[in-house]
Amino acid sequence: MLKVGFIGLGVMGGPMALNIVKRGFPLTVFDLNASAVEQLTRAGARAAATPREVGAASDVVVTMLPEPQHVESVVLGADGVAEGLKSGGIVVDMSTIDPITSKRVGDELRRRGFEMVDSPVGKTSEHAATGTLTLMIGGNPAAIERVMPVLECMGTDKYMCGGPGMGHAMKVTNNVLATTIFAANTEALAIGAKCGLTLETMMEVMRTTMGWNAQLGVAMPKKAFVGDDSAGFMIKLAAKDVRLAVELAKAQGFEALVGQGALKTLQNAMDAGFADRDTARLLMIREDQLGVKVRPAAASTGKAA
Ligand code: NAD
């Protein structure tokens, strides 16, 4: 059985790593947050003191970290995973990072006799807990095949997106779309509510038009419409994803103007102190700005934690 390592045991990585232990893989973990590590060791994982130790104990090391620079330093930095891995070891990065960094890290790993697969994930922390994430997979076929039993602990919807970095390209493409739609929803609903339309009327009408989208129909009723901005998908991570897309567009030679608008919306929310709250907070911010309630009155008090 493959020996697995896992680094980055946060909102997503914690439950993903638990699912690997539950399937019986020997698992070694590392995170800067001691209580996140403890949850995993209680479930049977072994704690390592550095990413290098995780590499040394593992055939396959999964990373689920916030930003591109974290992946680069944890994998290639001093005391990083690559310093511990044995020849043929594979890093599977499941974080949302840009395809340019992804390719650079992968190329360096391959130069040193290792492999890298990118498999960022779609859906939410609920799906991380149930092992039903969407997996957007990029890499060389032999490496993908070798890590598939580990990936299958975490996700059910698997999409082969192409060679190294293509999973990350797919993820950034998806997230700039999902987040700009979310931000646009909060704007449109606030405009309508300020005119006096009820949420019920707006939803009923838009369900039949080209304005309809899964954020309105699936995501917002669960959090934004019930006033719950407890951290599911944090504003700071949404902003990071959109920033990656805006920068990628720039590197490709064009300005992602819609993305820039969403990024400014998210930046304003972070400046107001909401970086660690769920993106649901964007709707509440609009309500406060306009002095209207989009949400039904019973749900408009907000959730504190
Ligand atoms: P999180 O902030 O909850 O977790 C990140 C974890 O990484 C934390 O436990 C943190 O302590 C750890 N960490 C940070 N730097 C580290 C380092 N140098 N060494 C070791 N550990 C370190 O974030 P999350 O919500 O779990 O998201 C992780 C990734 O998944 C991000 O790239 C995010 O964009 C992506 N993602 C999140 C969601 C979501 O709904 N939350 C969905 C899909 C994808």
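Amide H contacts for Glu67 (H built 1.01 Å from N in the peptide plane; partners 5 or more residues away or on another chain; cut-off under 5 Å): none found. Once the Cα-Cα distance is subtracted from the 0.36 nm per residue extended length, the Met210 to Thr173 segment shows a gain of 11.3 nm. On full extension, the segment bounded by Arg42 and Ile191 gains 48.7 nm, given 0.36 nm per residue less the C-alpha separation. Report, to the nearest 10°, how far helix 257-271 tilts away from the longest principal axis of the Cα atoms in the chain, using its own Cα long axis and a range of 0 to 90°. So the helix axis and the longest Cα principal axis differ by about 90 degrees.
When the helices of the chain are scored as -39500 (n - 2.57) per DSSP H run of n ≥ 4 and the total is divided over every residue, the value at 222 nm lands at -15500 deg cm²/dmol. Per-residue packing, averaged as other Cβ atoms within 10 Å, sorts the ranges 1-12, 265-276 into the order 1-12, 265-276, beginning with the highest. For the chain, the alpha-carbon radius of gyration amounts to 1.05 times the rule-of-thumb value 2.2 N^0.38 Å expected for a compact globular protein. Ranked by the mean number of other Cβ atoms within 10 Å of their residues, highest first, the peptides 20-27, 38-45 come out as 20-27, 38-45. Comparing Gly217, Gly259, Gly163 in a Gaussian network model of the chain where C-alpha atoms under 10 Å apart are linked, the largest mean-square fluctuation is found at Gly217. May I ask for the angle, rounded to the nearest 10°, between helix 99-111 and the longest principal axis of the chain, with both axes built from Cα atoms and the value confined to 0 to 90°? Result, in degrees: 0. Step through the table entries Lys22/Lys103; Lys264/Lys293; Lys3/Lys103; Lys222/Lys250; Lys86/Lys250; Lys194/Lys223, compare each Cα-Cα distance with 29 Å, and write down the pairs that go over it. Distance filter (> 29 Å) returns Lys22/Lys103; Lys222/Lys250; Lys86/Lys250.
Relative to the longest principal axis of the Cα atoms of the chain, helix 141-154 runs at roughly 60 degrees. Here the relative contact order of segment 180-292, from alpha carbon pairs under 8 Å that lie six or more residues apart, stands at 39 percent. Sequence-ordered 3J(HN,Hα) estimates for segment 15-32 from the Karplus curve with 6.51, -1.76 and 1.60 and θ = phi - 60° stand at x, 5, 5, 4, 5, 5, 4, 4, 7, x, 6, x, 10, 10, 10, 8, 7, 6 Hz, glycine and proline given as x.
Note on Glu126/Met270: beta-carbon distance plugged into 1/(1 + (r/R0)^6) with R0 of 22 Å gives a FRET efficiency of 0.35. Contact order for the chain, expressed relative to its length and based on alpha carbon pairs under 8 Å spaced 6+ residues apart, stands at 14 percent.
When Leu32, Leu65, Leu216 are compared by accessible area at a 1.4 angstrom probe, the order from most to least is Leu32, Leu65, Leu216.
The values are calculated or read from the model by the stated rules, or taken from the named source; none is laboratory data. No experiment lies behind these values; they were computed from the predicted model shown. Don't worry about glycine lacking a Cβ; one is built from the backbone with ideal geometry, like all the others, and counts go over all protein chains shown. Note: accessible area is taken over every heavy atom of the protein model, side chains too, but ligands, DNA and RNA are not part of it. Shrake-Rupley method; radii C 1.70, N 1.55, O 1.52, S 1.80 Å.
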